[in-house]
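The values are calculated or read from the model by the stated rules, or taken from the named source; none is laboratory data. Everything numeric here is computed off the predicted structure, so don't read it as measured data. Note that each Cβ is placed from the backbone with ideal geometry, even for glycine, and that neighbours are counted across all protein chains shown. Protein only, heavy atoms only, side chains kept; ligands, DNA and RNA dropped before computing areas. Shrake-Rupley method; radii C 1.70, N 1.55, O 1.52, S 1.80 Å.
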Amino acid sequence: MVFAARFADRIGKGIRGAPRDALVADVTPPSIRGRAYGVRQALDTVGGFLGPLLAIALMALFADDMRTVFWFALIPGALAVACVILEVEDLGVEDRAIGEEGSTGRPPPVRLADLRQFDGAFWGVVAIGVVFTLARFSEAFLVLKAHDEGLPLALAPLVLVAMNVVYSLGAYPAGAWSDQASPTRLLLVGLAVLIGADLMLAFAPGLWGAFLGIALWGAHMALTQGLLAKLVAQHAPATLRGSAFGLFNLATGVAMLVASVVAGVLWERIGSAATFAAGAGFAVLAALFVMVSALTRRAGREDPSPGGAHLP
């Protein structure tokens, strides 16, 4: 039942994530799109730590009765549906078709042939997102680590609280930075922070080491997640932004599954230190990939021939 519920939850995230991020791009000028995704990430993450805090209180109130706590979780879900029904206007598709493609009607349904409209820059963003995700497996392993270091089960949501507080506080400043600095620099800084988080989680003893690693994990998320969303919006055709986010989420979702399976096998067979050390190793590989992509892009700009490479 836990597996089925989690599976359904992730399907829901997959369905809502792409249109949400496409909507942000539609209503935001490109010059401040990094800030916009920073705000979106920050607000989303505020719920990410208020929810666990409420869960802790309800767990204490109902003597660790998780089923009752999950019934309460239906309330914000229903409120979210009401917000979508009452507040979101379905005008983005027509506006993009008229304003950016010169058409006067609704575009036809997306076809596989439309994939040809995505250029190398977009697929480069997808590749970077996949490599990043391989270096950053499920946050469930953070909860396991804290529990192994002595955190009581009833206080397990504090892991998500700590991570999401840092994430929410850093998301907007990181988004503003992304409007001014090069994406390569931000991605490399984010990876350096992730390497630090993995090393703390692998080798620092006790709960203090675990929570310092968890805080650094949240800082990495703040530095990179909004930036990746901005890059997807920037390098996708305007009329296919929803599809672009869907493809990006599909690719990174598969990468997350692979990374989490590998992390789980390492945890069971060798131990938690091996899991996080492997994460740091993947982050180093991701940093090398970003640097090679930047050099390839620079060479592509210097090479005017059609074969010149162009990664984001």
Within the range 147-156, is there a residue that is acidic (Asp, Glu), out of contact with any strand residue (DSSP E or B) (no Cβ under 7 Å at 6 or more places or on another chain), more than 25 Å from VAL258 (Cα to Cα) and not in a helix (DSSP H, G or I)?
-> yes
Filter result for LEU142 (in contact with an Asp or Glu (Cβ under 9 Å, 6 or more places away or on another chain) and crowded, with 18+ Cβ neighbours inside 10 Å) | no
Failed criterion for LEU43 (all others in (1) open to solvent by less than 30 Å² (accessible area, probe 1.4 Å); (2) modelled with pLDDT of 80 or more hold) | (1)
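Looking for whichever is assigned to a helix (DSSP H, G or I) and modelled with pLDDT of 90 or more here; the options are ALA299, ALA277, ALA294, ALA286. Which one fits?
Answer to the selection: ALA277.
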Subset tally (residues that are more than 15 Å from the chain's Cα centre (by Cα), acidic (Asp, Glu) and closer than 25 Å to SER182 by Cβ) for the range 1-25 = 0
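Out of LEU257, LEU247, which single residue is open to solvent by 40 Å² or more (accessible area, probe 1.4 Å) and under 20 Å from LEU231 (Cβ atoms)?
Sole residue among the options that is open to solvent by 40 Å² or more (accessible area, probe 1.4 Å) and under 20 Å from LEU231 (Cβ atoms): LEU247.
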State yes or no: is PRO304 in contact with a His (Cβ under 7 Å, 6 or more places away or on another chain) and either within 16 Å of VAL131 (Cβ to Cβ) or modelled with pLDDT under 85 (or both)?
-> no
Check whether at least one residue in the range 264-271 is in contact (Cβ under 8 Å) with a residue 60 or more places away in the chain and aliphatic (A, V, I, L, M), and report yes or no.
-> no
With criteria (1) open to solvent by less than 30 Å² (accessible area, probe 1.4 Å); (2) at pLDDT 85 or above; (3) touching a Lys or Arg at 6+ places or on another chain (Cβ under 8 Å), SER178 comes up short on (2)
